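Here is the structure we will look at.
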Amino acid sequence: MSNTPSANLGDFQEPEITLKVERMRHSAAHVMAHAVKNLFPNAKFGIGPTIENGFYYDMDLGPDVKLVPEDLEKIEAEMKKIAKANATLVKAAHPIGEAISMFKSAGQTFKVEIIQALEAAGETQVTTFTEGDFVDLCKGPHIMRAGDIGNGWKLMSIAGAYWRGKETNPMLTRVYGVLFEKKAELEEYLNMLEEAKKRDHRKLGKELDLFSFIPEAPASPFFHPKGTTIYNRLVQYMRDLYIPYGYDEVITPQIMDVVFWKKSGHYDNYKENMYFTNIDDREFAVKPMNCPGHTFIYASAKRSYRDLPIRLADFGRLHRYEKSGVTAGLTRVRTFCQDDAHIFCTPEQIESEIYRQIDMVLKTYDFFGFTDVEINLSTRPEKRLGTDALWDTAEGALTKVLDKVGKKYIINPGDGAFYGPKIDFKVSDALRRKHQLGTIQLDYQMPERFGLEYTSPENTPLRPVMVHRAVFGSLERFIGILIEHVAGAFPFWLAPVQARLVPIADQNREYVEAFKKELLALGIRVDVDGRNESMGLKTREAQMAKIPFSLVAGDRDIAAGGFAVRKYGDTAMKVMTKEEIISLFKELNGLPRKVAESVSL
């Protein structure tokens with residue numbers, strides 16, 4: 001199961017999962033249900049699977065019972081009593097009819113529904129596990145005794161979940177827990193959760209005055225001046241890379257007739273995620289993706305094999321409807337911008353183009369400090385377009401390039417897009433959580449749908465291949481992930497305020513303001529704290545704002561023609577001349593461009 005609790009960091013890289021740990025987690029869900037049944041005798045249970053890091057159980061406690069966080073402690077205490085009793089978990093097989101009668105008489109309607117579904121699928125018997133006086137429908141496997149769940153577990157959160165995930169079904173209470181084989185691993189995980197709370201991009205975004213949300217624009221961020229500075233610097237970083245990697249940037253319309261989206265296939269396959277409006281008695285849609293618009297630019301002129309590859313990049317704003325229950329800060333929004341690009345190439349150019357895109361992705365992640373990158377190759381799904389021969393060619397090309405790159409990769413059978421295989425990139429942040437960012441996808445179907453062509457050396461029309469590519473992915477999501485990765489302490493070149501100048505006394509103010517103008521003229525983002533407050537307060541506030549450098553000037557510093565410089569996170573100050581400061585700031589500000597200058601293809 002991919003479900004994870006809201007308090008869970010989901011992709012935390014835990015110790016290696018063994019069959020023993022899986023059984024412990026499975027059994028802990030069973031023991032939790034037993035504890036709930038003891039505390040709430042009328043409880044009805046749905047499903048209780050293992051998930052990453054732990055387990056959960058869905059239950060209906062009745063209309064008059066609403067669990068609150070304090071109830072988790074009561075359930076935990078009851079679980080410990082059950083574990084201490086250490087009853088054996090006994091497996092038994094039952095004919096379908098007998099099992100239905102057993103759970104129906106116990107009032108377990110959800111279990112009856114599960115058994116009936118198994119019967120409809122052709123099953124003739126089911127299994128139960130009995131532990132003490134508690135019987136649960138389950139196929140196992142479990143540990144031998146209840147006490148074997150150990151002491152490395154904890155109940156974490158309460159959530160709501162529709163039965164079988166359908167909004168028309170009853171809303172159940174879902175209780176999440178985590179379990180590790182050793183208590184020390186649990187403690188490490190809980191410490192990581194505490195650190196994650198401090199790094200939460202929603203919390204830091206407010207504290208650092210980067211962005212905000214309002215109810216009138218749900219899941220649509222407002223970037224404040226400081227947040228916009230970060231946003232624009234990321235865009236500029238990518239634009240600098242577009243030059244050596246051979247991209248041309250384009251701008252495409254936000255709203256287009258639905259005829260266009262029907263032709264692209266989005267109307268039939270993505271309509272529930274799109275926004276629509278009527279203009280002059282015609283139905284239009286706000287674009288959720290850039291790729292169809294790029295096909296029109298390609299088709300606007302006759303193309304020869306000599307023109308290919310054509311690489312089009314687009315920072316156009318996209319809008320996709322997401323249910324309110326899944327939106328979360330910047331990481332899941334309804335309006336966003338991608339560092340989106342599409343490459344139109346010949347089949348013979350696929351390998352060289354994919355290699356170029358992988359190089360761009362890995363260079364970028366390394367620069368941002370994401371040094372642990374997982375690469376996934378997703379192959380043909382069961383439902384797909386195109387011939388097997390075409391898929392063989394496409395998958396072979398991606399495999400060949402990945403082998404050439406020399407990086408380990410994981411094959412995800414059947415997880416490709418319906419139009420072609422893809423390569424996805426997941427990065428591990430400072431807390432070892434994994435996030436998917438970039439993607440490279442081969443598409444043979446969009447060129448077919450829009451009738452794209454180029455002329456061969458023999459002057460015959462041929463169909464190009466389309467490569468979809470994103471490095472950051474959504475800029476909004478990338479910013480959210482980056483905030484948590486660096487705990488809000490951005491590198492100098494990206495920081496909204498790169499240095500704060502602080503005069504010790506009023507007579508030092510003129511000197512500080514003059515240097516501020518000098519730095520601003522060089523493109524360095526600085527401000528001055530000239531308030532009549534203590535130096536201790538000013539220093540603390542500069543640290544809380546996570547400003548990379550504080551430059552303090554008193555009479556002695558001015559006489560020496562410099563400042564006392566303190567780097568964020570350091571306790572000591574270093575005296576530097578203005579020339580040394582300018583040299584350092586220029587070097588740090590130019591680091592992104594060095595990435596572009598290092599490109600050699």
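The values are calculated or read from the model by the stated rules, or taken from the named source; none is laboratory data. Note that this is a predicted model, so its numbers are computed, not measured. Cβ atoms come from the backbone with ideal geometry, glycine included; neighbour counts cover every protein chain shown.
Which of (1) out of contact with any Gly (no Cβ under 8 Å at 6 or more places or on another chain); (2) closer than 30 Å to K66 by Cβ; (3) buried (at least 18 other Cβ atoms within 10 Å of the Cβ) is the odd one out, the single condition L186 does not satisfy?
It fails just one condition, (1).
Out of T124, T88, which single residue is over 19 Å from P49 (Cα atoms), at pLDDT below 95, hydroxyl-bearing (S, T, Y) and touching a strand residue (DSSP E or B) at 6+ places or on another chain (Cβ under 6 Å)?
Being over 19 Å from P49 (Cα atoms), at pLDDT below 95, hydroxyl-bearing (S, T, Y) and touching a strand residue (DSSP E or B) at 6+ places or on another chain (Cβ under 6 Å) holds for just one of T124, T88, which is T88.
Okay, residues lined up against (1) surrounded by 19 or more Cβ atoms within 10 Å (Cβ to Cβ); (2) outside any strand (DSSP E or B); (3) among the hydrophobic types (A, V, I, L, M, F, W, C):
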{"position": "Y321", "(1), (2), (3)": "no, yes, no"}
{"position": "Q338", "(1), (2), (3)": "yes, no, no"}
{"position": "I343", "(1), (2), (3)": "yes, no, yes"}
{"position": "E351", "(1), (2), (3)": "no, yes, no"}
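Identify the single condition in (1) surrounded by 14 or more Cβ atoms within 10 Å (Cβ to Cβ); (2) assigned to a helix (DSSP H, G or I); (3) modelled with pLDDT of 95 or more that R500 does not satisfy, given that it satisfies every other one.
(2)
Check K567, K586 and return the single one that is out of contact with any Cys (no Cβ under 9 Å at 6 or more places or on another chain), of a type outside the set (G, A, S) and more than 18 Å from K517 (Cα to Cα).
K567
Here is a list: K404, K383, K400. Which entry is more than 24 Å from the chain's Cα centre (by Cα), over 17 Å from P447 (Cα atoms) and not in a helix (DSSP H, G or I)?
K383
Where the second residue is assigned to a loop (DSSP other than H, G, I, E, B) and the first is buried (at least 22 other Cβ atoms within 10 Å of the Cβ) and lies in region 137-153, which pairs have Cβ atoms under 6 Å and are six or more apart or on separate chains?
Matching pairs, first to second residue: A146/N86; A146/A87.
Restricting the first residue to region 565-591 and requiring it to be in the same structural domain as S550 (by TED's automatic domain parsing) and surrounded by 14 or more Cβ atoms within 10 Å (Cβ to Cβ), which pairs with a second residue that is of a type outside the set (A, V, I, L, M, F, W, C) and part of a helix (DSSP H, G or I) meet a Cβ separation below 7 Å and a spacing of at least six or different chains?
Matching pairs, first to second residue: Y568/Q543.
Residue check, G265 against (1) farther than 25 Å from F418 by Cβ; (2) outside the structural domain of K323 (by TED's automatic domain parsing); (3) surrounded by 13 or more Cβ atoms within 10 Å (Cβ to Cβ); (4) not hydroxyl-bearing (S, T, Y), all met but one. Which one?
Going through (1) farther than 25 Å from F418 by Cβ; (2) outside the structural domain of K323 (by TED's automatic domain parsing); (3) surrounded by 13 or more Cβ atoms within 10 Å (Cβ to Cβ); (4) not hydroxyl-bearing (S, T, Y) one by one, G265 breaks only (1).
Taking A542 as the residue in question, decide whether it is free of Cβ contacts under 8 Å to residues at least 24 places away in the same chain, over 22 Å from L591 (Cα atoms) and small (G, A, S).
Considered against the rule, which asks whether it is free of Cβ contacts under 8 Å to residues at least 24 places away in the same chain, over 22 Å from L591 (Cα atoms) and small (G, A, S), A542 comes out as no.
Check region 165-172 and report whether any residue there is within 22 Å of the chain's Cα centre (by Cα), assigned to a strand (DSSP E or B) and within 30 Å of V333 (Cα to Cα).
no
Any residue that is in a helix (DSSP H, G or I), surrounded by 17 or more Cβ atoms within 10 Å (Cβ to Cβ) and modelled with pLDDT under 95 - is there at least one of those in region 281-291?
Yes, region 281-291 has at least one match.
Regarding T173, is this residue touching a residue at least 40 places away in the same chain (Cβ under 8 Å), under 22 Å from N38 (Cα atoms), β-branched (V, I, T) and in the same structural domain as I51 (by TED's automatic domain parsing)?
yes
Grab the helices (runs of 4 or more DSSP H) fully contained in region 178-271, keeping just those with 1 or more residues being under 30 Å from G152 (Cα atoms), in contact with a His (Cβ under 9 Å, 6 or more places away or on another chain) and touching a residue at least 60 places away in the same chain (Cβ under 8 Å).
Passing ranges, in order: 183-199.
Please go through region 164-191 and give me each residue that is closer than 21 Å to Y57 by Cα and charged (D, E, K, R), ordered by number.
Hits for region 164-191 are R164, K166, E167, R174, E181.
If you scan region 410-429, which residues turn out to be at pLDDT 90 or above and of a type outside the set (G, A, S)?
I410, I411, N412, P413, P421, K422, I423, D424, F425, K426, V427, D429 - these are the residues of region 410-429 that are at pLDDT 90 or above and of a type outside the set (G, A, S).
If you check L377 against the conditions, is it more than 21 Å from T252 (Cα to Cα), without any contact (Cβ under 8 Å) to a residue 60 or more places away in the chain and under 19 Å from the mean Cα position of the chain (by Cα)?
Taking the combined requirement at face value, the residue satisfies it.
For region 454-487, which positions are part of a loop (DSSP other than H, G, I, E, B) and surrounded by 22 or more Cβ atoms within 10 Å (Cβ to Cβ)?
Hit for region 454-487 is P464, nothing else.
Return only the number of the condition from (1) part of a loop (DSSP other than H, G, I, E, B); (2) more than 23 Å from C345 (Cα to Cα); (3) of a type in the set (S, T, N, Q) that Q436 does not satisfy.
The failed condition is (1).
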